[in-house]
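These notes are about the structure you will find just below.
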């Protein structure tokens with residue numbers, strides 16, 4: 001497997017955690033978003049969206065982090081990332097989608113660049129935008145998750161794979177997380193695990 005990856009990408013971070021939890025080795029191929037390498041023809045031939053991650057396997061190429069994680073889950077059932085019952089799987093997906101569908105798309109690099117470049121917002125306005133959407137999502141998620149150590153149950157799930165990178169970025173952008181004790185407790189515990197820690201941007 002080959003993972004086209006950017007070290008600070010939340011979506012790629014999710015996939016790196018999933019690979020680690022499942023004990024899968026993967027060649028990482030960097031795509032530097034700061035240099036707009038994702039827009040170059042050799043990469044858009046791999047992923048027409050011009051986004052990371054993209055996973056290349058013998059069957060072909062997959063993009064979209066949650067699709068990649070679901071494929072890994074179905075193809076490599078060791079260390080499952082979804083619970084057994086359909087209801088519990090739906091609950092975990094709902095938490096994951098809160099991050100992946102409602103928080104992250106409004107705050108990723110291309111949106112922030114568009115706000116600054118095309119709409120000419122100030123740095124302060126850009127940060128207000130970022131913080132607003134983090135708080136909107138985290139206020140709901142704080143009520144959805146269970147008590148630590150994980151978002152759901154006693155093992156890491158797809159919800160944790162989405163939460164941890166989002167909190168990482170929230171800390172990077174100096175979001176006040178004092179109102180989210182459950183989320184920060186989950187984050188701290190997950191980041192103490194080597195599978196999460198070794199997937200971090202550092």
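The values are calculated or read from the model by the stated rules, or taken from the named source; none is laboratory data. Keep in mind that this is a model prediction, so the values were computed, not measured. Reconstructed Cβ throughout: ideal geometry from the backbone, glycine too, with neighbour counts over all protein chains shown.
Brief remarks on what is shown
- Scanning the stretch 64-109 for residues that are modelled with pLDDT under 95 and over 25 Å from residue 144 (Cα atoms) returns 77, 78, 109.
- Looking across the stretch 39-53, the residues that are touching a helix residue (DSSP H, G or I) at 6+ places or on another chain (Cβ under 7 Å) and either touching a residue at least 24 places away in the same chain (Cβ under 8 Å) or part of a helix (DSSP H, G or I) (or both) come down to 43, 51, 52, 53.
- Odd one out for residue 127, checked against (1) within 17 Å of the chain's Cα centre (by Cα); (2) under 22 Å from residue 201 (Cα atoms): (1)
- Filtered by the rule that a residue be exposed (fewer than 12 other Cβ atoms within 10 Å of the Cβ) and under 13 Å from residue 17 (Cβ atoms), the stretch 164-188 gives no residues.
- So residue 8, is it part of a helix (DSSP H, G or I) and either closer than 19 Å to residue 114 by Cβ or assigned by TED's automatic domain parsing to the domain that holds residue 164 (or both): no
- Yes/no for residue 52 being closer than 20 Å to residue 17 by Cα and in the same structural domain as residue 162 (by TED's automatic domain parsing): no
- Some residue of the stretch 54-68 being free of Cβ contacts under 8 Å to residues at least 12 places away in the same chain, under 30 Å from residue 153 (Cα atoms) and in a helix (DSSP H, G or I): yes
- Conditions (1) in the same structural domain as residue 21 (by TED's automatic domain parsing); (2) under 13 Å from the mean Cα position of the chain (by Cα); number of the one not met by residue 99: (1)
- Filter result (part of a loop (DSSP other than H, G, I, E, B) and surrounded by 20 or more Cβ atoms within 10 Å (Cβ to Cβ)) within the stretch 69-81: 81
- Residue 135 being surrounded by 16 or more Cβ atoms within 10 Å (Cβ to Cβ) and at pLDDT below 95: no
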